[in-house]
1. Could you check the stretch A:352-373 and list, in sequence order, the residues that are over 16 Å from A:Leu259 (Cα atoms) and either assigned to a strand (DSSP E or B) or touching a Gly at 6+ places or on another chain (Cβ under 8 Å) (or both)?
2. Can B:Val36 be described as more than 14 Å from chain A (Cβ to nearest Cβ), in contact (Cβ under 8 Å) with a residue 12 or more places away in the chain and assigned to a helix (DSSP H, G or I)?
3. Looking only at the stretch A:68-110, which residues are more than 30 Å from B:Arg218 (Cα to Cα) and within 11 Å of chain B (Cβ to nearest Cβ)?
4. Can you give me the number of residues within the stretch A:62-114 that are assigned to a strand (DSSP E or B), of a type in the set (D, E, K, R), in contact with a helix residue (DSSP H, G or I) (Cβ under 9 Å, 6 or more places away or on another chain) and closer than 24 Å to A:Val49 by Cβ?
5. For B:Ala188, indicate whether it is assigned by TED's automatic domain parsing to the domain that holds B:Ala260 and either among the basic types (Lys, Arg) or within 30 Å of B:Tyr115 (Cβ to Cβ) (or both).
6. Can you pull out every residue in the stretch A:245-259 that is more than 8 Å from chain B (Cβ to nearest Cβ) and either surrounded by 24 or more Cβ atoms within 10 Å (Cβ to Cβ) or not in a loop (DSSP other than H, G, I, E, B) (or both)?
7. Only residues that are free of Cβ contacts under 8 Å to residues at least 40 places away in the same chain and either within 24 Å of B:Gly186 (Cβ to Cβ) or in the same structural domain as B:Arg198 (by TED's automatic domain parsing) (or both): list them for the stretch B:1-21, please.
8. Please tell me if B:Gly226 is modelled with pLDDT of 90 or more and not in a loop (DSSP other than H, G, I, E, B).
Amino acid sequence: MKLLEYQAKEVLASLGIEIPAGRVAHTPEEAESACRELGPVAVKAQVPVGGRGKAGGIAVVETPEAAHAAAQRIIGMDIKGFKVPLVYCETALEIAREVYLGFTVDRDARANILMLSARGGMDIEQVAEEAPEAIARLYPNPWRGPLDFELTQLVFESGLGEHARALTAVIKKLYRAIPDFDALTAEINPLVITEEGKVIAGDAKLETDENADFRHRDLVEQYGAILETDELEAEAKRRRLTYVSLDGEIGIIGNGAGLCMGTLDLVQRAGGKAANFCDIGGGARAEVVQNAMDVIIMNPRVKGILINVFGGITRGDEVARGLVQARDNLQLKLPLVVRLSGTNQEEGREILKQNGIEPGTSAWEAAQKIVAMAQ
Amino acid sequence: MSILLNADNKVLVQGITGREGSFHAQQMREMGTQVVGGVVPGRGGSEHEGVPVFNTVAEAVHETGADATGIFVPAPFAADAILEAAACGITLIACITEGIPIQDMIRVKDFLRAYPEARLLGPNCPGLLTPGVGKIGIIPQRFSSPGPVGIVARSGTLTYETMAALTDAGMGQSTIVGIGGDPVNGMAFVDVIAMFERDPATTHLAIIGEIGGSDEERAAELLGRGSRLKSVAFISGRTAPEGKRMGHAGAIVSGNRGTAKSKEEAFRSAGVAVAETTDQIVELLTKA
């Protein structure tokens, strides 16, 4: 779950990290009263994607009237495909120094990596490329977390030794997001050091692991709904499907992420474009297949459906039964091509045939067929 | 010959009484795999379809001498099941379970350093299969046949597709190994490829990768340094849209690696043929 800035900041605050005073505003009126209460504020679009400043999603305002106008402009705006649901009005900080603090999963090392750099701000990726030594790194032991001396080393290595005490305290708190919330990535950029030596989170990004949602029901309930800006994705999630909206016209259902991605590739190769990625996973049962089809036909752009199932853990007869049932229940009128093989494939293909669905044998052939039928 | 799994391995199934564990334990036995026990806490002392069930892996190892395991337990408990297997001296662990929290797997990886003998496949993988010998996991044996092609893959279903096409084309397989699609997993491509390199029965190699991470790039580097295997690589997800990225942390760590393009280029420059569809994998291997 990629949290919005204000949500990430609330989580950081719950870990004891200082954040600037701010108010969430769903309407221009709320932004106006936030400014009346807080004084001059930055009105910031809340979207789970970077680059909103450059896209015009941030306005610094002095008066409540200006806050009203800024919120009116920003709420509902489209930033990289996300419709801005609300803004966050936050007081400006007196900045003495901006640093970068973050952690993420280093896939190659199969470990969490903590990173600290004195060169915080907008250009951190450039710093990483041009002067990688300017970013100090630590791989904390995942069972016990970082030790005090390791953090002290990290801070001195990054050239921020004069703020060692304040910074180690903040890093320790940020690290808690891993054991406490199953965070995969957290980033405070800039982490602001004020004239008085206080350390405050100027911005915040936080992504938690959806595989661990079962351990964090409260977080999901509190923050999950507002993040779902795509109606079909939201609907698919309610039905526990792995579904990503794309902008083509062929609905795709497959089992296994690799096969599903491979099916998208084949559809594109055949001259079509996928409308979605929908992985029904291992152990797919009739109701899962029907759920997937149901969501796909909610998309008015879909002109045909391609189902590609090669069963290991998924049994072909169950998939076939689910397909027939789903087609009948949904009174499907769209072209449908099914490629079914694997465990119990003969039984599955027999069921399809008996019910008037011709099963394809190769995925490439099936992809060409559906692209032709959808034209 | 084969890698990782041979006829002597004594295999446990952790979670044998569950729907999937039960079905696939049966499939494993039908293929001739020595399934010597199941592990389900609280069900010890019973039998499941003729297989003795134990409460703990320790008990099972003590009673049966098991040295390998397939894990089918639900995601919230699966990481612990891996730790338990490693701590009890199991040396081959195939974790089929999908949806294990990534932080759980990071802790597992750290724990496994104390057990260098323990090899982990997965999680979120189909396990492994040696045609004519046995399997751990869920790879459907009906599509396999013995022969010289080693397969190592991140995706389960694409693996089946490839082995089925190879079998149809008259090219059998030495061992088929699923390493799993999760970002934090056990054995990497390089680990499995190094084993195939030493296996005299393997002369050809199919590598089935996916976008994300840089395990494929590392595999390409390894093969580029010299290999006796005739290899073909396939990368799934070339048309997948880039994830909507929010922070910079991922980019700082991985730079430009991880795209289908980066991986395909890495293989090409290492002299490995790159297939654009799964059908082409077979075409290129038969030509190689």
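The values are calculated or read from the model by the stated rules, or taken from the named source; none is laboratory data. It should be emphasised that the depicted structure is a prediction, and the values quoted were computed from it without experimental measurement. Cβ sites come from the backbone with ideal geometry, for glycine too, and all protein chains shown count toward neighbours.
1. Once the filter is applied, which keeps residues that are over 16 Å from A:Leu259 (Cα atoms) and either assigned to a strand (DSSP E or B) or touching a Gly at 6+ places or on another chain (Cβ under 8 Å) (or both), the stretch A:352-373 yields A:Pro359, A:Lys369, A:Ile370, A:Val371, A:Met373.
2. No: the conditions fail for B:Val36.
3. Of everything in the stretch A:68-110, those that are more than 30 Å from B:Arg218 (Cα to Cα) and within 11 Å of chain B (Cβ to nearest Cβ) turn out to be A:Ile79, A:Lys80, A:Gly81, A:Phe82.
4. Count: 2.
5. Taking the combined requirement at face value, the residue satisfies it.
6. Once the filter is applied, which keeps residues that are more than 8 Å from chain B (Cβ to nearest Cβ) and either surrounded by 24 or more Cβ atoms within 10 Å (Cβ to Cβ) or not in a loop (DSSP other than H, G, I, E, B) (or both), the stretch A:245-259 yields A:Ser245, A:Ile250, A:Gly251, A:Ile252, A:Ile253.
7. Answer for the stretch B:1-21, where residues must be free of Cβ contacts under 8 Å to residues at least 40 places away in the same chain and either within 24 Å of B:Gly186 (Cβ to Cβ) or in the same structural domain as B:Arg198 (by TED's automatic domain parsing) (or both): just B:Asp8.
8. The answer is no for B:Gly226.
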